[in-house]
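Only one structure is covered here, and it is reproduced in the block below.
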Ligand SMILES: NC(=O)c1ccc[n+]([C@@H]2O[C@H](COP(=O)([O-])OP(=O)(O)OC[C@H]3O[C@@H](n4cnc5c(N)ncnc54)[C@H](O)[C@@H]3O)[C@@H](O)[C@H]2O)c1
């Protein structure tokens, strides 16, 4: 976990004052003591409301005002990806380091172009795939690094919740929905924990009366050389019995648990991890890793940005890595469209 020290040493400007900024970005920065210089939203009332709530000194009247704020070295973007991919080149030209939202762009190819621009301008680019920094995934990563599981033999993630898509009018007509905007976290965490898969097979469906055009229930099967992972992600759970569970089996240990955020998002509940070691039936150790995905993972994501900028390296959640996650997203849609296994 990146250390959160001297949190005021970088000046941050935020673009977008929507749902995720007010429920996650700003609460996280307030709790870590980060210095948010200003905020800009095309809807100025949203920016003003966020500034008043979180004590932000500036609301920029336009993008140029933000670009010309010399106390800002990191721009944190949280706008729809179609907008983000237009803004990023201007921010790079202004020499600002960038923490972008996921998905970085609407295609992996466009994302790759943006990553190339950032690299050529020596601008550090991170993408907010913050499930990586959620308590359960961080804890599993540490167990993996300590080789607690031995060779992994099976991975299962089942996220089954209800989403009110009408909250985001810009998503209503998206033909590619749940994988691009939600399961992308699960895919990214899978890559973070287990590395690159060989192939994917995906299926998708949606409720007949859904207010959105895109898929709202997906099953993703990833083949790794030695094991298979199965991800089920559904935002169609009208029954109200939300569940967000994982299970990882290895030759030496098994872990299972819950990803708390999906229960009553974005407040959620604590993540839980149950661990059984040495293949002995019976005793499970249960623990709750500290923190919550929302908002704590946002603080760790920004802290990793700080550390990367200060030490002249790319952040762990860098843009180039995210391009690979976007390629998995595109492979999933290709698999759905052609009903076949797609090699990654
Ligand atoms: N990492 C995560 O866990 C996570 C969670 C939720 C959302 N997101 C991502 O964050 C982004 C925003 O999501 P949201 O839920 O806050 O959406 P939202 O619709 O609530 O907010 C988007 C904001 O962007 C503003 N905006 C639009 N065009 C703009 C422009 N040209 N310049 C400035 N502001 C502009 C809108 O006025 C709005 O306030 C999306 O890309 C979404 O995928 C990420």
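Bear in mind these aren't lab numbers, they're just calculated from the coordinates by the rules spelled out. All figures in this text were calculated on a predicted structure; none of them were measured in a lab. We place every Cβ from the backbone using ideal geometry, glycine too, and count neighbours over all the protein chains shown.
Within the stretch 242-258, being touching a residue at least 40 places away in the same chain (Cβ under 8 Å) and under 15 Å from residue 158 (Cβ atoms) holds for 242, 243, 244, 245, 246, 247, 248, 249, 255, 257, 258.
If the requirement is being surrounded by 16 or more Cβ atoms within 10 Å (Cβ to Cβ) and either within 9 Å of the ligand (Cβ to nearest atom) or free of Cβ contacts under 8 Å to residues at least 60 places away in the same chain (or both), which of these qualifies: 33, 38?
On the way: 33 fails: surrounded by 16 or more Cβ atoms within 10 Å (Cβ to Cβ).
Criteria check complete, one pass: 38.
Restricting to the stretch 47-83, name every residue that is surrounded by 14 or more Cβ atoms within 10 Å (Cβ to Cβ), over 20 Å from residue 309 (Cβ atoms) and more than 11 Å from the ligand (Cβ to nearest atom). Walk me through how you get there before you give the answer.
First, pick out the residues of the stretch 47-83 that are surrounded by 14 or more Cβ atoms within 10 Å (Cβ to Cβ): 47-51, 54, 56, 58-60, 63, 65-67, 69, 72-81, 83.
Imposing the further condition that a residue be over 20 Å from residue 309 (Cβ atoms) reduces the set to 47-51, 54, 56, 58-60, 63, 65, 79-81, 83.
48, 51, 54, 56, 58, 59, 65, listed by residue number.
Here residue 335 clears all of (1) under 30 Å from residue 125 (Cα atoms); (2) under 22 Å from the mean Cα position of the chain (by Cα) except the condition numbered (2). Scanning the stretch 252-278 for residues that are more than 25 Å from residue 182 (Cα to Cα) and exposed (fewer than 12 other Cβ atoms within 10 Å of the Cβ) turns up just one, 278.
So which residues in the stretch 280-306 are in contact (Cβ under 8 Å) with a residue 12 or more places away in the chain, more than 19 Å from the chain's Cα centre (by Cα) and surrounded by 12 or more Cβ atoms within 10 Å (Cβ to Cβ), if there are any at all? Walk me through it before giving the result.
As a first pass, look at the stretch 280-306 and keep what is in contact (Cβ under 8 Å) with a residue 12 or more places away in the chain: 286-306.
Subset that is more than 19 Å from the chain's Cα centre (by Cα): 286-288.
Correct list: 287, 288.
Among residues of the stretch 1-30 being within 8 Å of the ligand (Cβ to nearest atom) and in contact with a strand residue (DSSP E or B) (Cβ under 9 Å, 6 or more places away or on another chain), the one that is farthest from residue 308 (Cα to Cα) is 17. Inspection of the stretch 235-246 identifies at least one residue that is farther than 28 Å from residue 277 by Cα and outside any loop (DSSP other than H, G, I, E, B). Of all residues in the stretch 84-112, those satisfying the criterion of being exposed (fewer than 15 other Cβ atoms within 10 Å of the Cβ) and in a helix (DSSP H, G or I) are 86, 89, 90, 93, 109. For first residues located in the stretch 158-170 and farther than 26 Å from residue 221 by Cα, partners that are within 11 Å of the ligand (Cβ to nearest atom) and lie 6+ apart or on another chain with Cβ distances below 7 Å form the pairs 167/19; 170/80. Tell me, which residue of the stretch 123-148 that is within 16 Å of the ligand (Cβ to nearest atom) and assigned to a loop (DSSP other than H, G, I, E, B) is farthest from residue 308 (Cα to Cα)? Once the filter is applied, the top-ranked residue is 134.
Scan the stretch 105-113 and give yes if some residue there is out of contact with any strand residue (DSSP E or B) (no Cβ under 9 Å at 6 or more places or on another chain) and more than 29 Å from residue 329 (Cβ to Cβ), otherwise no.
So far as the stretch 105-113 goes, no, none of its residues is out of contact with any strand residue (DSSP E or B) (no Cβ under 9 Å at 6 or more places or on another chain) and more than 29 Å from residue 329 (Cβ to Cβ).
Among the listed residues 139, 78, 105, identify the single one that is within 22 Å of residue 261 (Cα to Cα) and in contact with a helix residue (DSSP H, G or I) (Cβ under 6 Å, 6 or more places away or on another chain). It would help to see each step written out before you state the result.
On the way: 139 fails: in contact with a helix residue (DSSP H, G or I) (Cβ under 6 Å, 6 or more places away or on another chain); 105 fails: within 22 Å of residue 261 (Cα to Cα).
Matching residue, one of 139, 78, 105: 78.
Residues that are touching a residue at least 24 places away in the same chain (Cβ under 8 Å) and out of contact with any strand residue (DSSP E or B) (no Cβ under 8 Å at 6 or more places or on another chain) within the stretch 196-208 comprise just one, 196.
Residue check: residue 151 meets all listed conditions (1) touching a helix residue (DSSP H, G or I) at 6+ places or on another chain (Cβ under 6 Å); (2) over 27 Å from residue 267 (Cβ atoms) but one, namely (1).
Can you find, within the stretch 212-232, the residue that is surrounded by the fewest Cβ atoms within 10 Å (Cβ to Cβ) among those that are part of a loop (DSSP other than H, G, I, E, B) and touching a strand residue (DSSP E or B) at 6+ places or on another chain (Cβ under 6 Å)? Steps first, please.
Applying the first criterion (part of a loop (DSSP other than H, G, I, E, B)) to the stretch 212-232 yields 212-216, 224-227.
If we keep only those that are touching a strand residue (DSSP E or B) at 6+ places or on another chain (Cβ under 6 Å) too, we end up with 215-216, 227.
Numbers: 215: 27, 216: 23, 227: 17.
If we take residues in the stretch 212-232 being part of a loop (DSSP other than H, G, I, E, B) and touching a strand residue (DSSP E or B) at 6+ places or on another chain (Cβ under 6 Å), then 227 is surrounded by the fewest Cβ atoms within 10 Å (Cβ to Cβ).
Of the residues making up the stretch 151-189, just one is in a loop (DSSP other than H, G, I, E, B), in contact with a strand residue (DSSP E or B) (Cβ under 8 Å, 6 or more places away or on another chain) and surrounded by 20 or more Cβ atoms within 10 Å (Cβ to Cβ), namely 161.
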